[in-house]
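Notes for the one structure printed next.
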Amino acid sequence: MTLAIDVRGLNKHFGDKHVVQDLSLQVKQGEIFGFLGPNGSGKTTSIRMLCGLLTPDSGAGQCLGYDVIRETAAIKRHVGYMTQRFSLWEDLTIRENLDFIARMYGMKNRKQAVNAVLVKLGLDERRNQLAGALSGGWKQRLALAACMMHEPQLLLLDEPTAGVDPKARREFWDEIHQLAAQGISVLVSTHYMDEAERCHKLAYIARGKLLITGSAEEVIASQRLTAWEVSGAELQGLAEQLRHLPAVEQVTAFGSRLHVIGGDAALLEAALEPFRQLPGYQWQKIEAGLEDVFISLMERQNDQQEVV
Amino acid sequence: MNPAASLARLWGIALKELVQLSRDRLTFGMIVGIPIMQLLLFGFAINSDPKHLPTAIQVQDNSVFTRTFIRSLENTGYFQIVQQVSSEAQANQLLAEGEVQFVVNIPPDFSRQLVRGERPIILLEADATDPAATSNALASLLTVGQSVLNRDLTGSLAKLRPSDAPFEVRVHRRYNAEGITQYNIVPGLMGVILTMTMVLMTGLAMTRERERGTFENLLATPAKPLEVMAGKIVPYIMIGLVQMTLILLAARFIFAVPFQGSLLLLYAVSLLFIAANLSLGMTFSTIARNQLQAMQMTFFFFLPSILLSGFMFPFRGMPGWAQVIGNGLPLTHFLRLVRGILLKGNDLVEIWPHVWPIMLFMTVIVALGAKFYKRTLD
């Protein structure tokens with residue numbers, strides 16, 4: 001199996017801030033790799049280092065077989081990078097934007113390529129509309145089309161679906177899966193758990209450190225969280241009491257249900273025992289979800305940081 | 001509506017505005033810097049009555065009368081004799097290069113004719129490209145002619161002291177015989193307009209990309225920084241040439257400004273001037289974080305350019321320190337180039353002293369820009 005991304009020990013500082021610490025990452029060809037982590041954890045910086053926009057302070061590795069430090073020009077030609085913020089020109093029309101990008105990549109059959117993309121996107125009729133006039137979902141499709149035009153083998157997508165409605169998000173992910181099936185590798189950062197679950201593999205980064213990698217199931221299993229669901233009336237007071245228990249890590253309200261999460265199954269069960277005797281509540285053991293795992297990871301990281 | 005609550009909200013907005021203002025250091029600097037700059041420039045640098053104008057003399061008759069005349073010229077405060085010339089050609093050269101403002105020519109038989117009561121003529125040639133710079137000096141000549149020789153005309157010569165001056169000072173206004181202000185202003189305007197638009201437009205062009213986030217997209221493509229820079233500059237060079245052509249057409253056909261020199265040479269030096277301004281705009285854009293800052297920087301540069309370059313006020317009227325600053329500005333030299341080529345018909349040799357300073361300015365600015373550009377990438 002060839003690796004699309006294979007980097008080891010990447011570091012990046014901005015001033016005295018250590019933004020990315022010893023990042024090692026392997027992404028296989030045709031794999032959809034989800035990049036998760038809280039805001040400001042170093043996701044964007046990592047992606048920018050992978051596509052040659054930033055030079056790592058130290059570390060080494062390859063992207064599509066090109067050296068991430070010395071061969072950034074070649075990487076730029078073969079990688080498609082979609083920025084977090086819509087970064088095409090809002091005062092150019094859809095066609096002009098695509099045409100400009102095609103020129104930047106020195107594409108040969110520029111006109112045909114642009115027309116093909118326009119038809120494929122269903123934007124052919126609106127080709128002369130300004131890109132700034134598009135809705136969020138269309139902007140995102142246009143941006144994806146623009147970074148796909150030069151037929152990259154690796155896509156780096158930085159929070160591509162922020163602010164996009166659920167239907168457009170689902171269509172977007174269908175397309176990502178189609179591309180992956182064609183052998184294109186995708187590294188995508190996201191805050192949405194449903195999107196994380198659609199990735200082949202996940203990595204969780206916090207404060208510049210990669211904390212965990214693996215498939216969604218592996219990530220969940222690795223944290224060994226125990227979860228209980230309780231339903232009934234008057235949950236607010238119950239939630240307050242549960243939060244004070246040392247064995248309870250998270251209490252989250254979902255409509256008329258609460259999820260109670262703990263790291264130690266036996267301790268949690270013992271701590272919950274008195275509450276399970278209370279009348280009017282139904283208790284049930286459930287599987288912890290990806291979101292529970294990430295929140296747990298985030299909070300443990302916070303605790304560690306405070307101890308340090 | 002509760003007036004107290006409304007007042008509290010008003011205060012809240014005012015506070016927020018002040019906090020935001022204090023975060024924007026450049027705007028804060030403008031609030032303090034612009035008044036100080038204007039006070040200094042208008043208060044100390046600008047003088048619409050320039051004195052001690054450099055004057056060359058060609059004396060072909062050395063006598064007590066001519067010495068008295070020259071001394072009294074200097075005593076007006078307007079003329080400062082800087083050089084003696086021995087030929088007409090040398091005098092012309094000095095005027096053409098702008099080395100002197102005036103050349104006084106005292107003819108060979110001045111004294112003899114004076115004594116005979118033949119009212120000899122002293123020729124005063126003035127570089128009249130800027131009428132404002134010479135008008136007061138020329139006006140002062142009238143009184144000189146009236147009274148200067150009264151002390152020397154004694155004894156039998158006393159009869160020569162009539163109400164009329166015993167000699168005539170004939171003023172020859174070179175390059176702009178009728179003293180038409182437009183001849184000076186219109187070519188100068190070309191430099192002013194180019195400075196304003198070239199610096200501002202390139203300054204905005206780069207910061208706009210950064211402000212809107214499109215710069216990242218540009219950098220993610222295989223386009224190299226140099227290609228981006230050059231590609232951004234080319235359209236503005238064309239715009240600059242179009243602007244220049246428009247002003248030249250207006251100068252020729254609306255204001256009837258004489259075109260003495262080579263148009264080709266004019267376009268060549270203009271291209272250099274445009275390039276210098278564009279590189280300054282580019283350098284501003286590498287420092288400015290947003291379009292507003294780029295605009296403020298342009299204004300900070302534009303103000304001294306327009307005031308200290310000799311566009312609005314005579315360059316020679318300014319004190320030494322202001323002239324030093326003025327000489328560092330490309331507009332100062334460009335004004336002399338345009339006026340020199342259009343009005344005086346200067347050739348490349350004559351204008352060279354004003355070409356290299358623009359080149360030097362550009363080299364320094366480009367070096368600075370390159371230094372800052374690297375920083376913004378990583």
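Read-outs: derived from the displayed coordinates by stated rules, not from any lab. Computed from a predicted structure; not experimentally measured. So basically every Cβ, Gly included, is an ideal-geometry build from the backbone, and we count neighbours across all protein chains shown.
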Env charge @ residue A:118, Cβ radius under 14 Å, K,R +1 / D,E -1, value +3
May I ask for the Kirkwood hydrodynamic radius of the range B:181-377, worked out over all distinct Cα pairs and given in angstroms to one decimal? 17.4
At 37 °C and a viscosity of 0.692 mPa s, what translational diffusion coefficient does Stokes-Einstein give for the protein assembly as shown, taking Rh as the Kirkwood radius over Cα pairs? Give it in µm²/s as a whole number. 102
Note, ³J(HN,Hα) from phi for the range A:48-53, Karplus 6.51, -1.76, 1.60, rounded to Hz, x at Gly and Pro: 5, 5, 5, 9, x, 7
The extension gain from residue B:4 to residue B:112, computed as 0.36 nm times the residue separation minus the Cα-Cα distance, is 29.6 nm
So, over other residues within a Cβ distance under 14 Å of residue A:21, counting Lys, Arg +1 and Asp, Glu -1, the net charge is +3
Could you check which residue among A:298, A:148, A:104 shows the biggest mean-square fluctuation in a GNM of chain A with a 10 Å Cα cutoff? A:104
Cα extents of the range B:1-84 along the principal axes, largest first, in whole Å, come to 91, 25, 12
For chain B, the percent of all C-alpha pairs falling in each 10 Å bin, from 0 up to the bin holding the max distance, is 5, 19, 24, 19, 14, 9, 6, 3, 1, 0
Just to be sure I follow: if Rg is taken over the C-alpha atoms of the range A:53-140 and Rh is the Kirkwood radius over the same atoms, what is Rg/Rh? 1.06
Residue by residue through the range B:183-196, the couplings from Karplus 6.51 cos²θ - 1.76 cosθ + 1.60 with θ = phi - 60°, in Hz, x for Gly and Pro, are 4, 8, 6, 4, x, x, 4, 4, x, 5, 5, 5, 4, 4
Given Cα pairs under 8 Å that are at least 6 residues apart, what percent is the relative contact order of chain B? 19
Students often forget the sequence filter, so: which aspartates and glutamates lie under 18 Å Cα-Cα from residue A:111 once same-chain residues fewer than 8 apart are removed? A:96, A:99, A:124, A:125, A:151
For the range B:252-313, diffusion coefficient by Stokes-Einstein and Kirkwood Rh (Cα), 25 °C, 0.890 mPa s, µm²/s: 174
Could you work out the pair-distance distribution P(r) of the range A:222-307 from its alpha-carbon pairs, with 10 angstrom bin width and percents rounded to whole numbers? 17, 53, 26, 4, 0
Using 0.36 nm times the number of residues separating residue A:281 and residue A:224, minus their current alpha carbon distance, what extension gain do you get? 18.0 nm
In nm, spacing of pseudo-spin labels at residue B:181 and residue A:267 (7 Å Cα→C-beta vector): 8.8
Given an 8 Å cut-off on Cα distances and at least 6 residues of separation, report the relative contact order of the range B:222-378 as a percent. 32
For the protein assembly as shown, calculated [θ]222 nm from helices alone, where every DSSP H run of n ≥ 4 adds -39500 (n - 2.57): -17000 deg cm²/dmol
In this structure, the FRET efficiency calculated for residue B:252 and residue A:252 from their beta-carbon separation, with R0 = 60 Å, to the nearest 0.05, is 0.15
Residue among A:267, A:242, A:54 farthest towards the positive dipole end of chain A, charges placed on Cβ: A:54
Diagonalise the Cα gyration tensor of the range A:3-214 and give the resulting equivalent ellipsoid semi-axes, square root of 5 times each eigenvalue, largest first, whole Å. 28, 19, 16
Mean separation of Cα contacts under 8 Å, 6 or more apart, over the residue count of chain A: relative contact order %: 19
Go ahead and set up a Gaussian network model of chain A, Cα springs under 10 Å, then flag whichever of A:140, A:153, A:241 fluctuates most. A:241
What is the mean projected area of the alpha carbon convex hull for the range A:5-103, to one decimal in square nanometres? 7.7
Got a sec to turn the phi values of the range A:140-145 into Karplus ³J(HN,Hα) couplings, 6.51 cos²θ - 1.76 cosθ + 1.60 with θ = phi - 60°, whole Hz, x for Gly and Pro? 5, 5, 5, 4, 5, 4
For the range B:221-293 (alpha-carbon point model, no solvent) the Debye-based log₁₀ I(q)/I(0) at q = 0.13, 0.20 Å⁻¹ works out to -0.54, -0.93
Go ahead and set up a Gaussian network model of chain B, Cα springs under 10 Å, then flag whichever of B:166, B:319, B:222 fluctuates most. B:222
Considering only C-alpha atoms, what is the centroid distance from the range B:219-297 to the range A:65-144, in Å? 30
Quick one: net charge around residue B:293, please, counting Lys, Arg +1 and Asp, Glu -1 for every other residue with C-beta under 13 Å from its C-beta. +3
Pull up all non-local amide H partners of residue A:209: gap of 5 or more, or a different chain, and H-to-H distance under 5 Å with H placed in the peptide plane. A:21
